[in-house]
Amino acid sequence: MTDEPRSLQIAQRLRGFLYDEGVPAIRLAQALGLSQSKIARRMTGTVALSIDELDVIADVLGIRFEWLVTGNGNGPRFRPTTQD
């Protein structure tokens, strides 16, 4: 277990995902109705993202809420279930 605050862990996970996917942070700012400076503070972990903001982010990016918050699970993306 890490000693880093949860808000910093979430911010690092989110920044990594955005970087890997080539998604600009401004897209999140627009979806959340935040200014660039406000999203920047959240993306550095200086200000914690609220549960509602995390929910919107997960929805906008199509990623698992659980993964975003905890890093647990099978990765960030939803996987379609296979049916027989």
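Every number in this text was worked out from the coordinates using simple rules, so none of it is lab data. Values in this document were obtained by computation on a predicted structure and should not be read as measured data. For neighbour counting, all protein chains shown are included, and Cβ atoms are generated from backbone atoms with ideal geometry for every residue, glycine included.
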message = Could you check segment 7-26 and list, in sequence order, the residues that are among the β-branched types (Val, Ile, Thr) and in a helix (DSSP H, G or I)?
response = Ile10, Ile26
Given (1) closer than 18 Å to Asn72 by Cα; (2) of a type in the set (A, V, I, L, M, F, W, C); (3) in contact with a helix residue (DSSP H, G or I) (Cβ under 6 Å, 6 or more places away or on another chain), index of the condition Leu14 fails = (3)
Qualifying positions in segment 47-63 - free of Cβ contacts under 8 Å to residues at least 12 places away in the same chain and either of a type in the set (Val, Ile, Thr) or surrounded by fewer than 13 Cβ atoms within 10 Å (Cβ to Cβ) (or both) = Ser50, Ile51, Asp52, Asp59
